[in-house]
Amino acid sequence: MTRKQLILLAAAGSAALLLGALGFQALGYAPCKLCIWQRWPHVAAVVIGALALALRWGVLPLLGAAAAATTGVLGVYHTGVEQGWWQGPDTCTSAPITNLTPDQLMEQIMAAPLVRCDDIAWQFLGLSMASWNAILSFALAAIWIAAWRKATAALT
């Protein structure tokens, strides 16, 4: 594949993942805070893709790879929160309700997020949306790196 084709594939992959997330949202799967965080690097990758096609700056595919890898890392982090491997943000997960007075419990209920990051809303083949985002984003990062290598090979 050419550099241009690789950039198009990587940017289109991020656009597809964004559209997929918005599609799930339209179907009633409200995003949590970590879901929203995972979307922003995809937006950056799409913009970087457009710039890389227009400007042909050698560093842009590396920035695209960094954006894709960033959302991949966020997907791994979110997966860990969903699986209980580590604690998520306090504003996004449930807290234990032991040893609370009724007033403290009511306060905790009223402050609870509408969509919790530690709940798996949908999964396919045993993997959540966050897990799929991580896998696919790391694949997109590899495509970005291949585009960068094509760009650097053309310079030598």
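We did not get these values from a lab; they are worked out from the coordinates using the rules stated. As the structure is a computational prediction, the values presented were derived from the model and not from experiment. Positions of Cβ are backbone-derived with ideal geometry, glycine not excepted, and every protein chain shown enters the neighbour counts.
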Residues S137, S128, sorted so that the one with the fewest Cβ neighbours within 10 Å comes first: S128, S137
Short version: ³J(HN,Hα) in whole Hz for each residue of the stretch 77-84, in order, from phi by Karplus 6.51 cos²θ - 1.76 cosθ + 1.60 (θ = phi - 60°), x for Gly and Pro, what are they? 4, 5, 4, x, 5, 4, 7, x
Among W40, W122, W148, rank each residue by its count of other Cβ atoms within 10 Å, from fewest to most, as a rough exposure measure. W122, W40, W148
When the helices in the chain are scored as -39500 (n - 2.57) per DSSP H run of 4 or longer and the sum is shared across all residues, what 222 nm value do you end up with, to the nearest 500 deg cm²/dmol? -24000 deg cm²/dmol
Here the gain from full extension of L9 to D90, 0.36 nm per residue of separation minus their alpha-carbon distance, amounts to 25.5 nm
Fewest to most neighbouring Cβ within 10 Å: what's the order for T79, T71, T101, T152? T101, T152, T79, T71
Given an 8 Å cut-off on Cα distances and at least 6 residues of separation, report the relative contact order of the stretch 3-155 as a percent. 36
How much of the calculated P(r) for the stretch 1-101 lies past 21 Å, in percent of all Cα pairs? 45
